[in-house]
Amino acid sequence: MAGSNAALPERVWLLRHAETATPTVFHGAESDEPLSELGHRQAAAVAEWFKAFSPTAVVSSNMQRAKDTASPIATACRIPHTIEPTLHERRVGELCGTSFSMSEGPWAETVRRWSAGELDYTTRGAESYAELRERVLGGWQRAIAAHPGERLVIVAHGVVCKILLLSLLPDRGPADWIPLGRVPNVSVSELTPLAASGHWIAKRLLFVPEPVARLSEGLPTGVGQSIRKSEA
């Protein structure tokens, strides 16, 4: 990851795609789930929000939910939209289509084991932390290498964003999975390169732009079990 800043984008906005049509189950890389009606409105809202920041390019995974979030940004900002296929969602194996819970069950156990440093742990047919990190860092490197000096938007998936942030931010690692916080739909992390260290600094981290937040009355979407306003 080393290299001069001149060979890197000036700024990267890393964001999760908008809400899917069935946000309460695991989709993973095995399910090319489209956006919900709210998701399409979120994508349109964030596209308008980005116009003020003059991005020069947008890259997304090849999954429909990511492309349908990225395409409105490309249109609104009049910038090219390209695909980095290795930034796809985590393969979840037998969990695909099952109910999603952040507090109990196989995903909660996976997070507990990863946070404890068991980076090869996984459930049947799913990618481990170590496998994910190798894949998504490769995709990140290709995306940023193609856009030196630019202002780049990358649209990916919740777990992909989490792994990237824990790998790229200084003094972060798997033990920070829970302290780093949730990755709601259309949450944005604004990153700038830190000299030639290979690390990045978060100017803003996992925030949902206000025009997007208004669409769901400030409640995060795409975070597993429903969250009451008092818990948001």
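The figures follow:
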quantity: Cβ pairs under 9 Å, 6+ apart, first in the stretch 12-34 and over 20 Å from Ser71 (Cβ atoms), second surrounded by fewer than 17 Cβ atoms within 10 Å (Cβ to Cβ) and of a type in the set (Ser, Thr, Tyr); calculated: Thr24/Ser99; Thr24/Ser226; Val25/Thr98; Val25/Ser99; Phe26/Thr98; Phe26/Ser99
quantity: Residues that are among the small types (Gly, Ala, Ser) and at positive phi, drawn from the stretch 40-89; calculated: Ser54
quantity: All positions within the stretch 59-70 that are touching an Asp or Glu at 6+ places or on another chain (Cβ under 8 Å) and either buried (at least 20 other Cβ atoms within 10 Å of the Cβ) or among the hydrophobic types (A, V, I, L, M, F, W, C) (or both); calculated: Val59, Ser60, Ser61, Met63, Arg65
quantity: Residue list for the stretch 102-113, restricted to those being part of a loop (DSSP other than H, G, I, E, B) and free of Cβ contacts under 8 Å to residues at least 12 places away in the same chain; calculated: Glu104, Gly105
quantity: Residue that is modelled with the lowest pLDDT [pool: residues in the stretch 4-58 that are surrounded by 15 or more Cβ atoms within 10 Å (Cβ to Cβ), out of contact with any helix residue (DSSP H, G or I) (no Cβ under 9 Å at 6 or more places or on another chain) and within 30 Å of His199 (Cβ to Cβ)]; calculated: Ala29
quantity: From Leu169, Leu180, Leu205, residue being touching a His at 6+ places or on another chain (Cβ under 8 Å), over 24 Å from Lys67 (Cβ atoms) and modelled with pLDDT of 95 or more; calculated: Leu169
quantity: From Leu194, Leu215, residue being among the hydrophobic types (A, V, I, L, M, F, W, C) and more than 15 Å from Glu19 (Cα to Cα); calculated: Leu194
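So that you can scan it fast, the table gives a plain yes or no per residue for (1) of a type in the set (A, V, I, L, M, F, W, C); (2) touching a residue at least 40 places away in the same chain (Cβ under 8 Å); (3) over 20 Å from Ile73 (Cα atoms):
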| position | (1), (2), (3) |
| --- | --- |
| Gly149 | no, yes, no |
| Val155 | yes, yes, no |
| Leu164 | yes, yes, yes |
| Leu194 | yes, no, yes |
| Leu205 | yes, yes, no |
| Val208 | yes, no, no |
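The values are calculated or read from the model by the stated rules, or taken from the named source; none is laboratory data. Since we're looking at a predicted model, the values are computed, not measured. Methodologically, a virtual Cβ is constructed for each residue, glycine included, from the backbone with ideal geometry; neighbour enumeration extends over all protein chains shown.
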